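The numbers here are math on the coordinates, done by the rules we state, and not lab data. What you see is a predicted model, and the numbers here were worked out from it, not measured in a lab. Note that each Cβ is placed from the backbone with ideal geometry, even for glycine, and that neighbours are counted across all protein chains shown.
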Amino acid sequence: MDIDKLRQIGLSDKESNVYLALIEFGDSLVSEIAERTRINRSLLYDVLSGLADKGMVTYILKNNVRYYRAAEPEKILSIIREKENIFKTMLPELMALHKPQTKKPIVEILEGK
């Protein structure tokens with residue numbers, strides 16, 4: 001899969017690579033993820049933490065060892081919808097701020113088609 005599409009929804013290159021590796025290989029140790037993605041393990045913990053904050057990665061404990069797992073792909077759609085709903089609640093306030101302060105006519109010049 002092309003990581004550009006994941007980048008368009010707000011994931012970094014490293015986050016995209018990690019998420020795709022977890023989707024493809026399932027529950028994985030940090031060492032396995034690092035090997036597959038070629039990301040330094042110390043940086044990988046930060047990437048996994050960021051993905052966990054976004055709700056895209058979780059972990060389970062097996063014999064006191066963390067195995068990371070990707071959230072269901074449908075989770076991405078719910079995250080996008082949640083952001084859209086947040087923006088919709090902000091929209092009236094933004095529109096109120098955008099109104100011109102004076103009642104002078106505004107002239108806009110548009111170029112192109």
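Under 5 Å between amide hydrogens, which residues at least 5 positions from Met56 or on another chain qualify, with H placed 1.01 Å from N in the peptide plane?
Under 5 Å from the amide H of Met56: no residue qualifies.
State which stretch of the chain is the longest one without any exposed GluC sites (Glu not before Pro), exposure meaning a DSSP loop state and at most 11 other Cβ atoms within 10 Å.
That would be 1-107.
With n ≥ 4 as the cut-off for DSSP H runs, can you work out [θ] at 222 nm for the chain, using -39500 (n - 2.57) per run divided by the number of residues, rounded to the nearest 500?
So the calculated ellipticity at 222 nm is -18000 deg cm²/dmol.
Compute the orientation-averaged projected area for the chain from the convex hull of its Cα atoms and round it to one decimal in nm².
11.7 nm²
Pick out, from Ile109, Ile76, Asn17, the residue whose Cα sits farthest towards the positive end of the charge dipole of the chain, with +1 on the Cβ of Lys and Arg and -1 on the Cβ of Asp and Glu.
Value: Ile109.
Once you keep just the Cα pairs under 8 angstrom separated by 6 or more residues, what percentage relative contact order results for the chain?
Here the relative contact order equals 20 percent.
Just in region 20-85: which trypsin sites (Lys or Arg not before Pro) are loop by DSSP and have at most 13 other Cβ atoms within 10 Å?
Counting only loop positions with at most 13 other Cβ atoms within 10 Å, the trypsin sites (Lys or Arg not before Pro) in region 20-85 are Arg38.
Which FRET efficiency value, to the nearest 0.05, do you get for Leu29 and Ser78 by plugging their Cβ-Cβ distance into 1/(1 + (r/R0)^6) with R0 = 22 Å?
0.20
Describe numerically, in nm with one decimal, the distance between label points set 7 Å from Cα along Cα→Cβ at Phe87 and at Arg36.
With each label point 7 Å from Cα toward Cβ, the separation is 3.1 nm.
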